[in-house]
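The values are calculated or read from the model by the stated rules, or taken from the named source; none is laboratory data. Owing to the predicted nature of the structure, the values given are computational and were not obtained by experimental measurement. Every residue, glycine among them, receives a Cβ derived from its backbone with ideal geometry; neighbour counts consider all protein chains shown.
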Amino acid sequence: METAPTHWVIDVNRAVLGQNARRAEENRQRFTEAGLLVLNLVSSPGSGKTALLERTLVDLRDRIRIGVHVGDLQTDNDARRLSGKGAPVVQIVTGGTCHLEAGMVAQALDKFDLDALDVLVIENVGNLVCTASYDLGEHLRVVLLSVTEGEDKPLKYPVIFRNADVVLITKTDIAAAVEVDMVVLRENVKRAAPRAVVLEVSGRSGAGMQAWYDHLLTAWKSRSRVRKEVEL
Ligand code: MG
Ligand code: ZN
């Protein structure tokens, strides 16, 4: 009997993920040496990643230097939305691959002047499933969940939420209109993402954005302390 094909598939996945983990570690090393804080922004399509970034780039323009690496399946619409906000933007079109991998990020890094940045935000492809399996070398995994997605979404995608450092509940300005039960939604987020900082924001109205900025700035300051220790 030949070996069962399922075993072969599992081995391939392991090899791919093993290679990804090594590259992610190399990325992380590079980020640390450059004193960068790196975020991996993950969500379903249409949860407001680009809208959140548009506002963040403008509001923090005078405080920290942010670069953006955008991954998209097919178009460069998001990169065009984000350009002209004072931040360098590097787009990667994955050509159908539904997640970013550490090697793709490594290639994009060569296009940035990392020493001229404080924070690098990686806007991942809209997808809550396989993005959970690919470490990109980031320091913080930020999962966005919009109020339009239903209260039980965190329970349906446990892996991505379990490993989240921050969960941003987005589009809170339309929570009443979509009749979401915010109490249940918050409970489900807490259950699925027990170690995450949970913040509620609206990129449109600006509500809650200050708490997000404070979190970002605090995380960045603690990274730059790490950098100084590395240099010593
Ligand atoms: Mg987007
Ligand atoms: Zn994928």
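Against the numbered list (1) touching a Gly at 6+ places or on another chain (Cβ under 9 Å); (2) part of a loop (DSSP other than H, G, I, E, B); (3) more than 16 Å from ligand 2 (Cβ to nearest atom), Lys85 comes up short only at (1).
Identify, from the list Asp135, Asp152, Asp76, the residue that is more than 14 Å from ligand 2 (Cβ to nearest atom) and farther than 30 Å from Ala177 by Cα. Walk me through how you get there before you give the answer.
Details: Asp135 fails: more than 14 Å from ligand 2 (Cβ to nearest atom); Asp152 fails: farther than 30 Å from Ala177 by Cα.
Sole residue among the options that is more than 14 Å from ligand 2 (Cβ to nearest atom) and farther than 30 Å from Ala177 by Cα: Asp76.
Here is the figure for segment 27-43: residues that are out of contact with any Lys or Arg (no Cβ under 8 Å at 6 or more places or on another chain) and more than 21 Å from Lys221 (Cβ to Cβ) total 1.
Table: residues versus (1) under 16 Å from Gly48 (Cα atoms); (2) modelled with pLDDT of 95 or more; (3) out of contact with any Phe, Trp or Tyr (no Cβ under 6 Å at 6 or more places or on another chain).
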{"position": "Asp110", "(1), (2), (3)": "no, no, yes"}
{"position": "Leu114", "(1), (2), (3)": "no, no, yes"}
{"position": "Arg141", "(1), (2), (3)": "yes, yes, yes"}
{"position": "Ser146", "(1), (2), (3)": "yes, yes, yes"}
{"position": "Gly150", "(1), (2), (3)": "yes, no, yes"}
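Yes/no per residue for (1) within 13 Å of ligand 1 (Cβ to nearest atom); (2) under 15 Å from the mean Cα position of the chain (by Cα):
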{"residue": "Gln74", "(1), (2)": "yes, no"}
{"residue": "Gln91", "(1), (2)": "yes, yes"}
{"residue": "Gly103", "(1), (2)": "no, no"}
{"residue": "Gln107", "(1), (2)": "no, no"}
{"residue": "Asp110", "(1), (2)": "no, no"}
{"residue": "Asn127", "(1), (2)": "yes, yes"}
{"residue": "Ser133", "(1), (2)": "no, yes"}
{"residue": "Glu138", "(1), (2)": "no, yes"}
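Go through the residues of segment 114-128 one by one and say whether even a single one is in a loop (DSSP other than H, G, I, E, B) and surrounded by fewer than 17 Cβ atoms within 10 Å (Cβ to Cβ).
Going through segment 114-128, the residues in a loop (DSSP other than H, G, I, E, B) turn out to be 117-118, 124-128.
Now restrict to residues that are surrounded by fewer than 17 Cβ atoms within 10 Å (Cβ to Cβ): none.
The answer is no, given that none of the residues of segment 114-128 is in a loop (DSSP other than H, G, I, E, B) and surrounded by fewer than 17 Cβ atoms within 10 Å (Cβ to Cβ).
Looking at segment 134-145, I want the residues that are under 11 Å from Leu100 (Cα atoms) and have a partner that is assigned to a loop (DSSP other than H, G, I, E, B) with Cβ atoms under 7 Å, at least 6 apart or on another chain. Which pairs are those? Close Cβ pairs satisfying both conditions: Tyr134/His99; Tyr134/Leu100; Tyr134/Glu101; Leu136/Leu100.
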